[in-house]
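Undergrad: The structure that follows is given in the form of structure tokens.
The values are calculated or read from the model by the stated rules, or taken from the named source; none is laboratory data. The structure presented is a predicted model; accordingly, all values stated were derived computationally and were not measured. Positions of Cβ are backbone-derived with ideal geometry, glycine not excepted, and every protein chain shown enters the neighbour counts.
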Amino acid sequence: MPVAPAALARLSLEELAAIDVTSVSKQAEDVWHTPVAIAVITQEDIRRSGATSLPEVLRLAPGVEVSRIDAAHWTVGIRGFGDQFSKSLLVLIDGRNIYTPLFAGTYWPAYDTLLADVDRIEVIRGPGGTIWGGNAVTGVINIITRRARDTRGTLVQLSSGNLDHMLVSARYGGGNPDGFSYRVFAKGTKRGPFFHADGSDFDAWWMGQGGFRADWARGSQGTFSLSGEVSSGSHGQRVQVTTLTPPARVATDGELDAQGANLVALWDRPLQGGGGVRLQAFYDRTVWRATHFEETRNTVDLDATVQLAPIARHQFTIGAGARWSPGDFTPTVPALDFQPRSFTSRLVSAFVEDDIALVADRVLLVVGSKIEHNNYTGVELQPNARLLFTRGVQTVWGSVARAVRTPSRIEDALRSLTPAGPVPGVALPLFLEIAGNADIDVEQAVAFEAGYRQLFAGRVNVDLAVFHTEHDDLVSFARGPARLDGTPPARIIINAPHVNAVSGWSRGLEIAPAWQVNDAWRLSGSYALRRFNFTAAPISAEANAVRRYEGSSPRHVLRAQAQWTRGGVEADVAYRHVSALAFHGIDGYHAADARVGWRVAPGFDLSAALQNLFDPHHSEFPQTPAPVEVPRSLLVTMRWTLAPAQ
Amino acid sequence: MTRALAVLLLSALGAGSALPAFAQPGTGRSPSEYEVKAAYLLNFIRFTRWPRAAQGPFEMCLLGADPFGPTLNSTVEAERVGGRPVTVRRLSAQDDRTSCHLLYISPSEEPRLLATLARLDGSDVLTVSDMPGFVPRNGMIQLVTEGGRVRFDANLDAAVAAGLMLSSDLLRVARNVRRANQP
């Protein structure tokens with residue numbers, strides 16, 4: 001809401017708190033005093049990045065590795081373990097866990113949000129299992145949208161370009177002075193395909209989404225919130241489908257239709273004497289229809305957290321939760337199935353954490369553990385201990401934490417045939433049966449971390465973190481018995497069950513400096529270094545298991561950006577270098593983005609963002625038969641905002 | 001796809017033709033962070049009660065490097081709070097500050113913060129800063145910029161210890177209120 005400076009003095013505190021400012025300082029300052037490797041992507045960072053999807057926004061955080069597979073698919077990893085499904089990291093949108101137990105991970109193309117109403121994205125590197133539970137092994141991504149009272153007014157945003165053909169967002173927010181606020185929003189996207197050397201264009205996609213949020217602030221009774229969304233979209237995908245008759249394997253271009261709906265209720269109540277109670281319940285439904293399968297999943301999740309400070313120097317956080325997630329799988333090709341096809345993933349958990357101020361405002365000790373029961377592997381403990389020293393503008397912290405990744409249905413119950421090629425002397429075609437294993441155990445990690453933050457002269461801040469993580473029981477494939485399948489045409493099937501067979505370590509560092517040069521210029525950047533060392537136990541029959549774990553993520557990611565702001569004009573340039581993905585045979589690359597924004601009139605902004613300036617197109621991930629390459633792109637955005645009537 | 005772009009550019013030009021009607025160069029921007037912070041400082045005076053006699057102007061003092069420039073004076077000096085004017089005084093290191101109603105401590109004062117706060121012991125000065133960790137180190141109100149908006153944390157314990165009464169309207173809007181010593 002643009003307001004003349006002289007008028008600001010007459011605004012109430014509530015009105016001041018709702019004003020968007022051209023910010024000089026950087027991020028939520030609580031982060032400063034957290035004994036965790038954490039970065040916060042702010043709304044301003046998002047807007048000025050020119051990014052139009054959640055995975056692209058995540059590139060802004062240090063230590064996050066993002067690669068585009070094609071226009072609709074990404075791999076996202078934190079501290080390695082880059083994977084299309086981001087299986088070792090946990091993603092939450094306003095507290096709603098979007099990790100699917102079908103294939104372990106986050107299916108990025110099915111999720112979007114109105115980026116202009118995102119308040120911030122907290123990216124935690126390293127284990128978060130003590131608070132968030134299973135699958136928060138290499139990191140946690142917490143996407144937090146604005147409270148309804150901060151989105152009163154109208155927003156309309158239109159973008160168009162050579163890659164994202166049309167992005168349309170609209171939001172209206174209102175309320176009354178008694179603490180009730182609401183917003184409704186809708187978003188539609190129509191996006192084009194990437195560059196294909198083989199001339200195909202399978203990866204175009206579209207999505208429509210609508211939703212609401214209502215908040216009732218009721219003083220000492222706390223705040224009650226209800227939000228919901230529905231979405232529907234269809235994105236192209238290239239799938240390697242196995243056929244039982246020659247040619248045995250066919251690259252099939254098709255569509256995945258994804259429908260989603262969710263409802264989240266939250267009650268947040270402060271307690272007398274500090275602390276509070278937070279109750280959250282959500283329902284989430286996804287229906288996915290792909291070339292090779294269909295799945296319908298309904299998830300119900302309940303969570304309760306209480307914060308108490310009953311004794312001086314101690315603050316306890318106690319939580320409990322339960323999740324119930326039945327899924328129905330239907331195969332649509334002969335060589336892919338689950339046994340059983342319908343299965344309910346269940347989870348109950350509890351945690352307790354104590355923040356102990358050993359020396360008030362100077363030394364903080366955090367100890368706690370999660371105890372969780374899942375119906376794949378039983379009871380899992382995920383403890384951590386963290387120590388933080390603060391002295392003036394310096395912070396030093398260290399931690400030890402254990403986290404686990406829970407098996408998914410793929411590792412538990414999959415039946416998938418892959419052609420194993422002709423074998424000399426064997427007349428029949430040979431297939432590998434990648435199979436679930438009911439005895440599969442969790443993947444474990446114990447992470448040792450340390451970090452340092454300092455603010456220099458109020459203008460330069462540096463955030464450094466180092467880690468060494470011991471990994472155990474990572475999943476690979478064993479070689480099981482062979483059998484003859486006599487159904488014509490006859491074939492030999494070699495069973496290849498998932499097994500826990502790879503162990504080793506990952507280590508590395510992230511450094512993220514930022515310099516507010518003056519009120520116009522801000523320079524910032526980050527560098528992340530990774531090293532991996534894994535070994536496979538003899539039971540693993542996967543020839544590339546070690547290379548797969550060591551070489552699926554870049555060793556180096558460097559990012560630098562400059563932002564300039566003056567009198568309603570913004571200019572941004574960003575550069576990044578991502579080193580090779582050795583396992584995938586993808587070379588390192590350099591990319592640069594630029595953006596200019598102009599406040600044409602109060603409430604009307606125009607911007608143009610140019611991405612991948614250096615190359616007409618470059619490859620970030622392999623695809624069969626030819627890689628799909630990220631093209632240079634231009635996006636023009638118009639944004640209207642109208643403040644609510646006072 | 002180039003056609004979609006052309007359509008968009010045309011509609012942008014269309015918006016441009018209506019532009020002179022509401023283009024106001026110079027005011028067509030979000031307020032800067034420190035313009036909003038200056039308005040907050042004025043509001044903090046509105047919502048605080050001091051134990052000292054209610055007479056004369058409210059004195060708003062600023063210690064350390066001045067991030068506001070002319071904004072603070074222009075925001076504050078035209079306003080009255082409870083019929084009383086508000087004056088702005090920029091302090092040097094040795095100036096007495098116990099007569100200030102509100103003392104804004106610049107982030108540049110961070111290395112000397114504990115000494116600065118210790119010198120205010122026993123006086124009824126409302127301390128405000130936007131340096132990180134101000135409230136944990138016993139400052140009273142810390143301005144925090146998050147998500148492109150300015151909020152604040154309040155330290156009720158420290159204010160009460162200085163004899164100040166922060167109104168419930170102020171505490172309600174605070175992002176966090178520190179009152180660890182409450183029963």
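Undergrad: Condition first: farther than 30 Å from residue B:65 by Cα, surrounded by 19 or more Cβ atoms within 10 Å (Cβ to Cβ) and within 25 Å of the chain's Cα centre (by Cα). Can you find one or more residues in the stretch A:428-436 that meet it?
TA: No: the stretch A:428-436 contains no residue that is farther than 30 Å from residue B:65 by Cα, surrounded by 19 or more Cβ atoms within 10 Å (Cβ to Cβ) and within 25 Å of the chain's Cα centre (by Cα).
Undergrad: Now a separate question. Do we find a residue being under 23 Å from the mean Cα position of the chain (by Cα) and either facing chain B (nearest Cβ under 10 Å) or at positive phi (or both) anywhere in the stretch A:148-162?
TA: The answer is no, given that none of the residues of the stretch A:148-162 is under 23 Å from the mean Cα position of the chain (by Cα) and either facing chain B (nearest Cβ under 10 Å) or at positive phi (or both).
Undergrad: In the stretch A:19-57, which residue that is at the interface with chain B (Cβ under 7 Å from one of its Cβ atoms) and more than 30 Å from residue A:363 (Cβ to Cβ) is modelled with the lowest pLDDT?
TA: The extreme case among them is A:24.
Undergrad: Has the stretch A:236-246 got any residue that is at pLDDT 95 or above, surrounded by 16 or more Cβ atoms within 10 Å (Cβ to Cβ) and over 21 Å from the mean Cα position of the chain (by Cα)? Spell out the reasoning first.
TA: Going residue by residue through the stretch A:236-246, those that are at pLDDT 95 or above are none.
Within the stretch A:236-246, none of the residues are at pLDDT 95 or above, surrounded by 16 or more Cβ atoms within 10 Å (Cβ to Cβ) and over 21 Å from the mean Cα position of the chain (by Cα).
Undergrad: For residues in the stretch A:166-201 being buried (at least 20 other Cβ atoms within 10 Å of the Cβ) and without any contact (Cβ under 8 Å) to a residue 60 or more places away in the chain, which is farthest from the other protein chains (Cβ to nearest Cβ)?
TA: Residue satisfying both the conditions and the ranking: A:182.
Undergrad: So which of A:339, A:394, A:307 is at pLDDT 90 or above and touching a strand residue (DSSP E or B) at 6+ places or on another chain (Cβ under 9 Å)? First the steps, then the outcome.
TA: Working: A:394 fails: at pLDDT 90 or above; A:307 fails: at pLDDT 90 or above.
Just one listed residue meets the conditions, A:339.
Undergrad: Is it the case that residue A:463 is among the acidic types (Asp, Glu) and farther than 30 Å from residue A:248 by Cβ? Walk me through how you get there before you give the answer.
TA: Numbers: among the acidic types (Asp, Glu): yes; farther than 30 Å from residue A:248 by Cβ: yes.
Yes, satisfied.
Undergrad: Further, regarding this structure: Which members of the stretch A:460-502 meet the condition of being of a type in the set (Val, Ile, Thr) and under 19 Å from residue A:541 (Cβ atoms)?
TA: Once the filter is applied, which keeps residues that are of a type in the set (Val, Ile, Thr) and under 19 Å from residue A:541 (Cβ atoms), the stretch A:460-502 yields A:475, A:492, A:493, A:494, A:499, A:502.
Undergrad: Another question, then. For the stretch A:442-545, please list each of the strands (runs of 3 or more DSSP E) lying entirely inside it that holds at least 2 residues being more than 20 Å from residue A:561 (Cβ to Cβ) and β-branched (Val, Ile, Thr).
TA: On the way: elements: A:443-456, A:460-477, A:482-485, A:491-516, A:521-536.
Here the list reads A:460-477, A:491-516.
Undergrad: Name the residues in the stretch A:289-343 that are more than 14 Å from every other protein chain (Cβ to nearest Cβ) and among the aliphatic types (A, V, I, L, M), would you? Let's see the steps before the verdict.
TA: Within the stretch A:289-343, the subset more than 14 Å from every other protein chain (Cβ to nearest Cβ) is A:289-306, A:317-343.
Within the stretch A:289-343, A:290, A:300, A:302, A:304, A:306, A:318, A:320, A:322, A:333, A:335, A:336 meet the criteria.
Undergrad: Mind counting the residues in the stretch A:552-571 that are crowded, with 20+ Cβ neighbours inside 10 Å and either of a type in the set (Gly, Ala, Ser) or at pLDDT below 90 (or both)?
TA: So the answer is 4.
Undergrad: Inspect all residues belonging to the stretch A:526-544 and state whether any of them is at pLDDT 95 or above, among the hydroxyl-bearing types (Ser, Thr, Tyr), touching a Pro at 6+ places or on another chain (Cβ under 7 Å) and buried (at least 20 other Cβ atoms within 10 Å of the Cβ).
TA: yes
Undergrad: Can you pull out the residues in the stretch A:247-265 that are surrounded by fewer than 20 Cβ atoms within 10 Å (Cβ to Cβ) and under 30 Å from residue A:300 (Cα atoms)?
TA: Residues satisfying the conditions are A:255, A:257, A:259, A:261, A:263, A:265.
Undergrad: A further question follows. Considering only residues that are among the charged types (D, E, K, R) and assigned to a helix (DSSP H, G or I), which ones fall in the stretch A:41-84?
TA: Our first condition is that a residue be among the charged types (D, E, K, R); within the stretch A:41-84, this holds for A:44-45, A:47-48, A:56, A:59, A:65, A:68, A:70, A:79, A:83.
Result: A:44, A:45, A:47, A:48, A:56.
Undergrad: Check off (1) within 14 Å of chain B (Cβ to nearest Cβ); (2) crowded, with 18+ Cβ neighbours inside 10 Å for residue A:136 and give me the number that stays unchecked.
TA: Going through the list (1) within 14 Å of chain B (Cβ to nearest Cβ); (2) crowded, with 18+ Cβ neighbours inside 10 Å, residue A:136 breaks only (1).
Undergrad: All but one of (1) within 14 Å of chain B (Cβ to nearest Cβ); (2) charged (D, E, K, R); (3) closer than 18 Å to residue A:52 by Cβ; (4) within 13 Å of the chain's Cα centre (by Cα) hold for residue A:112; state the number of the condition that does not hold.
TA: Looking at each condition in turn, residue A:112 falls short on (1).
Undergrad: Here is a check on your reading of the model: is residue A:282 in a strand (DSSP E or B), away from every other protein chain (no Cβ under 14 Å) and closer than 29 Å to residue A:249 by Cα?
TA: Values: in a strand (DSSP E or B): yes; away from every other protein chain (no Cβ under 14 Å): yes; closer than 29 Å to residue A:249 by Cα: no.
The answer is no for residue A:282.
Undergrad: Taking only pairs six or more apart or across chains, which ones have beta-carbon atoms under 7 Å, a first residue in the stretch A:394-405 that is without any contact (Cβ under 8 Å) to a residue 60 or more places away in the chain and closer than 22 Å to residue B:132 by Cα, and a second residue that is of a type in the set (Phe, Trp, Tyr) and surrounded by fewer than 24 Cβ atoms within 10 Å (Cβ to Cβ)?
TA: As it stands, the answer is A:396/A:389; A:396/A:452, since those pairs meet every condition given.
Undergrad: Which residue is nearest to residue A:262 (Cα to Cα), if the candidates are limited to the stretch A:186-204 and must be in contact with a Gly (Cβ under 6 Å, 6 or more places away or on another chain) and part of a strand (DSSP E or B)? It would help to see each step written out before you state the result.
TA: First, pick out the residues of the stretch A:186-204 that are in contact with a Gly (Cβ under 6 Å, 6 or more places away or on another chain): A:186, A:188, A:202-204.
Now restrict to residues that are part of a strand (DSSP E or B): A:186, A:188.
Values: A:186: 15, A:188: 18 Å.
The residue in question is A:186.
Undergrad: Scan the stretch A:4-17 for residues that are outside any helix (DSSP H, G or I), within 7 Å of chain B (Cβ to nearest Cβ) and modelled with pLDDT of 65 or more and jot them down.
TA: At the first step, the residues of the stretch A:4-17 found to be outside any helix (DSSP H, G or I) are A:4, A:9-12.
Next, only the ones that are within 7 Å of chain B (Cβ to nearest Cβ) stay: A:4, A:9, A:11.
If the condition is that a residue be outside any helix (DSSP H, G or I), within 7 Å of chain B (Cβ to nearest Cβ) and modelled with pLDDT of 65 or more, then A:9, A:11 are the ones that fit.
Undergrad: Tell me, which strands (runs of 3 or more DSSP E) wholly within the stretch B:64-176 include 1 or more residues that are among the hydrophobic types (A, V, I, L, M, F, W, C), closer than 15 Å to residue B:40 by Cβ and within 8 Å of chain A (Cβ to nearest Cβ)?
TA: Working: elements: B:84-91, B:102-105, B:126-129, B:141-146, B:149-155.
In the stretch B:64-176, the matching strands (runs of 3 or more DSSP E) lie at B:141-146, B:149-155.
Undergrad: Which condition from (1) more than 11 Å from chain B (Cβ to nearest Cβ); (2) within 24 Å of the chain's Cα centre (by Cα) is the one that residue A:635 breaks?
TA: The failed condition is (1).
Undergrad: Examine the stretch A:573-585 for a residue that is over 21 Å from the mean Cα position of the chain (by Cα), part of a strand (DSSP E or B) and not aliphatic (A, V, I, L, M), and state whether such a residue exists.
TA: Looking through the stretch A:573-585, at least one residue is over 21 Å from the mean Cα position of the chain (by Cα), part of a strand (DSSP E or B) and not aliphatic (A, V, I, L, M).
Undergrad: Select from the stretch A:326-356 the residues that are in a loop (DSSP other than H, G, I, E, B) and out of contact with any Leu (no Cβ under 8 Å at 6 or more places or on another chain) and list them in ascending order. First the steps, then the outcome.
TA: Keep residues of the stretch A:326-356 that are in a loop (DSSP other than H, G, I, E, B), which gives A:332-335, A:339-341.
Correct list: A:332, A:333, A:339, A:340, A:341.
Undergrad: A further question on this structure: Among the residues of the stretch A:546-572, which ones are farther than 16 Å from residue A:512 by Cβ and either in a loop (DSSP other than H, G, I, E, B) or of a type in the set (Gly, Ala, Ser) (or both)? Spell out how you get there, then give the answer.
TA: Taking the stretch A:546-572 and keeping what is farther than 16 Å from residue A:512 by Cβ, we get A:546-555, A:564-572.
A:551, A:552, A:553, A:554, A:555, A:567, A:568, A:571, listed by residue number.
Undergrad: Follow-up. Which residues, taken from the stretch A:425-457, are in contact (Cβ under 8 Å) with a residue 60 or more places away in the chain, over 30 Å from residue A:249 (Cα atoms) and not hydrophobic (A, V, I, L, M, F, W, C)?
TA: From the stretch A:425-457, those in contact (Cβ under 8 Å) with a residue 60 or more places away in the chain are A:426, A:428-437, A:440-443, A:445, A:447, A:449, A:451, A:453-456; that's our starting set.
Those still in the list that are over 30 Å from residue A:249 (Cα atoms) too: A:441-443, A:445, A:447, A:449, A:451, A:453-456.
Correct list: A:441, A:443, A:449, A:451, A:453, A:454.
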